[in-house]
Amino acid sequence: MAEKRDRVLKAVMAALENDYAGMPEKALLNDTKQWLTAFGEAWKAGRLDDALFVSYLTQYLATFQDPNLALLVSDVCPCQPWSCGFSVRRFGDELYVTEVREDERFTVGDALVLLNRSIPDKHLDYAIGNPVNGDDPDRQLWDDLVSRCAHVLVRHADGTEEDVAVRRFRRSQVAPMGLPGALPDGAIVERGDAVVVDLRRVPRVLDDASCDRVLAALLPERLSIADLMGDEAVFTNYTADNCAIRRSQLETLRKGASACERAWVDEEIERIGSLEGAGMVREVERDDRVAGGANAGRPVVLLTDVTTSAAGERIVQVARAAAEQGLVEVHVVGRATSGAIDYANPLAVSFDEFYTFVYPMSKSEAAARGEGVSGRGVEPDVAVPFTPDECREDRVRKRALDLVCG
């Protein structure tokens, strides 16, 4: 078992070094030496079971601050991914409960004062890299770290404090290359004076119908997105391993494809074969989608947060391009997004019956120039920092409505 884990770890590190689209710009975050030491010390101490292995590897990937990286665990693995049953956000030195799912001992608005008898920042002092998505409190993601704690000190709304043992609940896994999903209910609110589009919970991949709905609400006339965005360059890493994985994906896709789709798949397989081993190749893409036409001159307000996925970030890009051309008035309100849009074209490689590693093979031209948004997100026009008041009301939506209502 130890040899298997060692093989998986080295394979993940090799893929990040050679095949991941985020290199070389993410190289400074890739502290392989310290992580190898941490894994080695845990193994020597007899502590490196499946649970700790998954925990360490998940933390290692988190330090890259790229939502496109993921370790997926199969149903037969002895260690399944878990959550603490609630979500938190940071304000000052404390973490505030913003959502309760399974663990109803907690209430929205509760403050986590201590994690395992230490303030939250102390856990970062001895961490390798930054496992909570960076230093900006508004973009930090603490749920995974909280789920690894044994207990937390909670301060309730009435001022009382309670030491609570952390429970663990089975967590569903969402792969970066997941199937297209629909907009959440109520994401688009069309008022007489404005259109408000909530992009804070948009799926990683947005289905065509939802995308058309957003663009129709956004744009005053039907037009090609390519006319707004122009030619868009991406850099794709055609290493031998990436080409082999991509070819396998396409061959699987071909089995259930129509005759027309099979022709495209065959062309794509041939194209990848011609580029195998070429490394980073610059390619030009055009978004030929035609959409829009329902917005009769109303300003559009887009609500964003660190939870805004690449699909939501793309909508912000299109909206700002339309605004630059004088087609619509756009305001982005909230917080910086996830920063996922820099990288695309995810590949999934399974090392054994337990673990699958997902990473992207393409990057945007901005990312290639070192000017991407990974690790910092797409900034809003009007920033609304998180405060505990948001546990009682949606301050981002309130600020957006105040903006358009004067």
Please count how many residues of the range 86-141 are of a type outside the set (Lys, Arg) and either assigned to a helix (DSSP H, G or I) or under 22 Å from the mean Cα position of the chain (by Cα) (or both).
29
For the range 88-101, state whether one or more residues are in contact (Cβ under 8 Å) with a residue 12 or more places away in the chain, farther than 23 Å from ASP389 by Cβ, crowded, with 20+ Cβ neighbours inside 10 Å and in contact with a Ser or Thr (Cβ under 6 Å, 6 or more places away or on another chain).
no
Residues of the range 1-39 classified as among the polar types (S, T, N, Q) and under 20 Å from the mean Cα position of the chain (by Cα), total
1
In the range 230-252, how many residues are assigned to a helix (DSSP H, G or I), aliphatic (A, V, I, L, M) and touching a helix residue (DSSP H, G or I) at 6+ places or on another chain (Cβ under 6 Å)?
1
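Results for (1) in contact with a Leu (Cβ under 9 Å, 6 or more places away or on another chain); (2) part of a loop (DSSP other than H, G, I, E, B); (3) crowded, with 16+ Cβ neighbours inside 10 Å, shown as yes or no for each residue.
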residue: GLU25; (1), (2), (3): no, yes, yes
residue: GLN34; (1), (2), (3): no, no, no
residue: LEU57; (1), (2), (3): yes, no, yes
residue: PHE64; (1), (2), (3): yes, yes, yes
residue: ASN68; (1), (2), (3): no, yes, yes
residue: LEU72; (1), (2), (3): no, no, yes
residue: VAL76; (1), (2), (3): no, yes, no
Out of the range 294-312, which residues are surrounded by 14 or more Cβ atoms within 10 Å (Cβ to Cβ) and more than 30 Å from LEU141 (Cα to Cα)?
ALA294, ASN295, ARG298, PRO299
Residue within the range 164-183 that is modelled with pLDDT of 95 or more, crowded, with 17+ Cβ neighbours inside 10 Å, in a helix (DSSP H, G or I) and not hydroxyl-bearing (Ser, Thr, Tyr) present:
no
So for the range 147-158 (the condition being in contact (Cβ under 8 Å) with a residue 12 or more places away in the chain and within 30 Å of VAL378 (Cα to Cα)), does at least one residue qualify?
yes
In the range 304-358, what residues are of a type in the set (A, V, I, L, M) and assigned to a loop (DSSP other than H, G, I, E, B)?
VAL306, LEU327, VAL328, ALA336
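The values are calculated or read from the model by the stated rules, or taken from the named source; none is laboratory data. None of these values were measured; they are calculated from a predicted model. Every residue, glycine as well, gets a Cβ built from its backbone with ideal geometry; the counts of neighbours run over all protein chains shown.
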